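Working notes, structure below.
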């Protein structure tokens, strides 16, 4: 009598093996085998065997090694697939019924931040949601950059986007590109790397010491935007969900802009009233 066994999930054709992926991530994190083995509390010999394919890691071992490597949930799933296991973390569409509480929390944050701009973006910097006040930053952006799936970095730094209206473009551009570069290093995402290359090719990065260097009284990198003959000045914060166990949720972030001076606050309050 034969016993039926559930087939193991197959990794995508041409995808690196679990060992190859682990070695790549370890090298990206600039860790030696000894350092990773100590952090993961496994033997260096076993780790070496896993990386070379001489030993197949268990599901528990894959997740144990992923933790000190600080892998995003999406990459942990890919590593599990490469090792022949089912993904551990679901990826639920934001519109799904089980995400109702998440959507409500996002809308509460966005609505509560009025009359100041706030936006929700995903891992690829695509606009997921926003409050009405974001219009103060998008109303001068070319319509084609706001059509379809909007990428907020492209809309910000493209010559037909917000860029020509940013007073401290070099400083703000450098701030955004540094954030993106860190994200590329953390995730190893080829799509984000291509976006970074595209954005670095846009004009506006030349140094202008009189504008782009932070002033002596600046505590954060501000966003300074020309507006109706004057200037609006913002500081921003980024919020994420704590302890996410879903890929979609882990990749959402909320960027909220606050007035950095009284003139900006007054303009935004008057816009909301009108």
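Inspect all residues belonging to region 237-245 and state whether any of them is surrounded by 14 or more Cβ atoms within 10 Å (Cβ to Cβ) and more than 15 Å from the chain's Cα centre (by Cα). No, there is no match, as no residue in region 237-245 is surrounded by 14 or more Cβ atoms within 10 Å (Cβ to Cβ) and more than 15 Å from the chain's Cα centre (by Cα). Would a scan of region 24-40 turn up a residue that is surrounded by 15 or more Cβ atoms within 10 Å (Cβ to Cβ), under 21 Å from the mean Cα position of the chain (by Cα) and not in a helix (DSSP H, G or I)? Yes, region 24-40 contains a residue that is surrounded by 15 or more Cβ atoms within 10 Å (Cβ to Cβ), under 21 Å from the mean Cα position of the chain (by Cα) and not in a helix (DSSP H, G or I). Only one of the numbered conditions (1) assigned by TED's automatic domain parsing to the domain that holds residue 180; (2) touching a helix residue (DSSP H, G or I) at 6+ places or on another chain (Cβ under 8 Å) is violated by residue 112, and that is (2).
Does residue 148 fit the bill of being surrounded by fewer than 20 Cβ atoms within 10 Å (Cβ to Cβ) and part of a loop (DSSP other than H, G, I, E, B)? Yes: the conditions hold for residue 148.
Looking at residue 137, is it more than 18 Å from residue 244 (Cβ to Cβ), in a helix (DSSP H, G or I) and in contact with a helix residue (DSSP H, G or I) (Cβ under 9 Å, 6 or more places away or on another chain)?
Values: more than 18 Å from residue 244 (Cβ to Cβ): yes; in a helix (DSSP H, G or I): yes; in contact with a helix residue (DSSP H, G or I) (Cβ under 9 Å, 6 or more places away or on another chain): yes.
So residue 137 fits the description; yes.
If the condition is being surrounded by fewer than 14 Cβ atoms within 10 Å (Cβ to Cβ) and in contact (Cβ under 8 Å) with a residue 40 or more places away in the chain, then region 133-145 contributes no residue at all. Is there a residue in region 71-79 that is over 18 Å from residue 252 (Cβ atoms) and either part of a helix (DSSP H, G or I) or free of Cβ contacts under 8 Å to residues at least 12 places away in the same chain (or both)? So far as region 71-79 goes, yes, one or more of its residues are over 18 Å from residue 252 (Cβ atoms) and either part of a helix (DSSP H, G or I) or free of Cβ contacts under 8 Å to residues at least 12 places away in the same chain (or both).
Counting the residues of region 157-166 that are outside any helix (DSSP H, G or I) and closer than 13 Å to residue 137 by Cβ gives 3. Quick one: is residue 12 farther than 29 Å from residue 128 by Cα, surrounded by fewer than 16 Cβ atoms within 10 Å (Cβ to Cβ) and at pLDDT below 95? No, not satisfied.
The values are calculated or read from the model by the stated rules, or taken from the named source; none is laboratory data. On a predicted model such as this, the values are computed, not experimentally measured, just so you know. Ideal geometry is used to build each Cβ from the backbone, glycine not excepted, and the neighbour counts take in all protein chains shown.
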